[in-house]
Amino acid sequence: MIRASSDVLVSIVIPVHNRPRLVVETIESCLDQTFEPIEIIVVDDGSTDETPSVLQRYRAHANVVTTPNAGLSAARNRGLARASGDYVQFLDSDDVLVPGSIEERVQLFGLFPWADVVHGRALVPHSPQLPDRTRLPRAARDVSRFGRVSPDTLWGSELGIPFTNIVPVLYRTAVVTAAGGFDESLRVHENLELHFRLYLSGATFLTYNGIAGMYRPGHERVRLSDDERWDHPDLFDAIAVMVDDFMSARCTDDPVESLLQLALAKAQATCVARDATELSSRYAALAAGLGRSSVT
């Protein structure tokens, strides 16, 4: 394979826990990239099955880090601490990149040097069975025979905050490190909270319409649905942290506050409809506190 070489280094951080078959597909998609140099860091988050022995096969191509089980965010942060690349890609162990994904986004960083984060689109396949990576569509218009394009945002793309899954996102490593990485207290939407925090810190995001990789939601794990689980306490925790991020940033007249208010209103209404009284009261208290932050 002809590879494009560059003076910049890209780190790919892959956390894994008990996924021996899927992580092979993830690592192979990194090795298939048309860009080099790439540094692959696999963080084995306390696997108890054959995953460690499978990872041994890739020690010539990847830096394998073994840690006690501490969760997804902690594993990502352990990998970030080891990353020496100019840019970093976080890739979950059931997701894959298309071959030109890294090269395309690095080129966009070169064309738009003001960007701190470059993100494309992710393909959500009709089936969790992995198709030939070389045949995955590169443009959003060509996805229908494979699946659908993942939504860009939860609440409003007009602000340019990529509330998206982690697959199509490439970061300047220094920007994520300066932000403190992922919030290890969160069980869901830790990537959305990171993007929200980056936005509040003044980071700039560049969006393009190319397909960067494939995201397999809910495959061999339980995942919250943004549309159906507003009454789940884990989602409350994520929104509460984002409200705290906003209030700590002391952003005056920032339109993102209206997005938070809409999210809180939807969450509270859902909880009322589902008789989740205690959680509804907690959302109401969050909304009241956010409202007081706007009083001058």
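Say whether the condition of being acidic (Asp, Glu), part of a helix (DSSP H, G or I) and surrounded by fewer than 17 Cβ atoms within 10 Å (Cβ to Cβ) is met by at least one residue in the stretch 19-30.
Initially, the stretch 19-30 is screened for residues acidic (Asp, Glu), giving 25, 28.
Imposing the further condition that a residue be part of a helix (DSSP H, G or I) reduces the set to 25, 28.
Next cut, surrounded by fewer than 17 Cβ atoms within 10 Å (Cβ to Cβ) only: 28.
Yes, the stretch 19-30 contains a residue that is acidic (Asp, Glu), part of a helix (DSSP H, G or I) and surrounded by fewer than 17 Cβ atoms within 10 Å (Cβ to Cβ).
Taking residues in the stretch 184-210 that are free of Cβ contacts under 8 Å to residues at least 24 places away in the same chain, and partners anywhere that are surrounded by 21 or more Cβ atoms within 10 Å (Cβ to Cβ) and in a loop (DSSP other than H, G, I, E, B), the pairs with Cβ atoms closer than 7 Å and at least 6 places apart or on different chains are Leu194/Phe182. Applying the criterion of being over 13 Å from the mean Cα position of the chain (by Cα) and assigned to a loop (DSSP other than H, G, I, E, B) to the residues of the stretch 188-213, the residue that is nearest to His232 (Cα to Cα) is Ser201. Here Arg78 passes the criteria (1) crowded, with 16+ Cβ neighbours inside 10 Å; (2) of a type in the set (D, E, K, R); (3) in contact with a strand residue (DSSP E or B) (Cβ under 9 Å, 6 or more places away or on another chain); (4) closer than 26 Å to Val124 by Cα except the one numbered (4). Inspection of the stretch 38-61 identifies no residue that is in contact (Cβ under 8 Å) with a residue 40 or more places away in the chain, in contact with an Asp or Glu (Cβ under 9 Å, 6 or more places away or on another chain) and not in a loop (DSSP other than H, G, I, E, B). In the set Leu170, Leu192, Leu200, only one residue is modelled with pLDDT of 85 or more and in contact with a Lys or Arg (Cβ under 8 Å, 6 or more places away or on another chain); that residue is Leu170. For Val8, the conditions (1) touching a strand residue (DSSP E or B) at 6+ places or on another chain (Cβ under 6 Å); (2) part of a strand (DSSP E or B) are fulfilled apart from (1).
Looking across the stretch 59-73, the residues that are surrounded by fewer than 19 Cβ atoms within 10 Å (Cβ to Cβ) and either within 20 Å of Glu190 (Cα to Cα) or not β-branched (Val, Ile, Thr) (or both) come down to Arg59, Ala60, His61, Asn63, Thr67, Pro68, Asn69, Ala70, Gly71.
Going residue by residue through the stretch 283-290, is there one that turns out to be loosely packed, with under 15 Cβ neighbours inside 10 Å and in contact (Cβ under 8 Å) with a residue 60 or more places away in the chain? Before you say what the answer is, go through the steps one by one.
To start, the set of residues in the stretch 283-290 that are loosely packed, with under 15 Cβ neighbours inside 10 Å comprises 285, 288-289.
Now restrict to residues that are in contact (Cβ under 8 Å) with a residue 60 or more places away in the chain: none.
No, the stretch 283-290 contains no residue that is loosely packed, with under 15 Cβ neighbours inside 10 Å and in contact (Cβ under 8 Å) with a residue 60 or more places away in the chain.
Checking the structure you have, find out if any residue of the stretch 104-127 is crowded, with 24+ Cβ neighbours inside 10 Å and either part of a loop (DSSP other than H, G, I, E, B) or not assigned by TED's automatic domain parsing to the domain that holds Arg187 (or both). No, the stretch 104-127 has no match at all. Applying the set (1) over 30 Å from Leu9 (Cα atoms); (2) modelled with pLDDT under 85; (3) touching an Asp or Glu at 6+ places or on another chain (Cβ under 9 Å) to Leu235 leaves exactly one unmet item: (2). Looking at this structure, is Thr34 among the polar types (S, T, N, Q) and either out of contact with any Pro (no Cβ under 9 Å at 6 or more places or on another chain) or surrounded by fewer than 18 Cβ atoms within 10 Å (Cβ to Cβ) (or both)? Yes. Within the stretch 16-39, the set of residues being farther than 14 Å from Asp95 by Cβ and of a type in the set (A, V, I, L, M, F, W, C) comprises Leu31, Phe35, Ile38. Might you let me know whether the stretch 94-101 holds any residue that is modelled with pLDDT under 95, under 19 Å from Glu190 (Cα atoms) and buried (at least 23 other Cβ atoms within 10 Å of the Cβ)? Yes, the stretch 94-101 contains at least one residue that is modelled with pLDDT under 95, under 19 Å from Glu190 (Cα atoms) and buried (at least 23 other Cβ atoms within 10 Å of the Cβ). Given (1) over 17 Å from Val64 (Cβ atoms); (2) out of contact with any strand residue (DSSP E or B) (no Cβ under 6 Å at 6 or more places or on another chain), where does Phe35 come up short, assuming only one miss? Here Phe35 clears every test but (2).
The values are calculated or read from the model by the stated rules, or taken from the named source; none is laboratory data. Remember, predicted model here, so these are calculated numbers, not experimental data. Note that each Cβ is placed from the backbone with ideal geometry, even for glycine, and that neighbours are counted across all protein chains shown.
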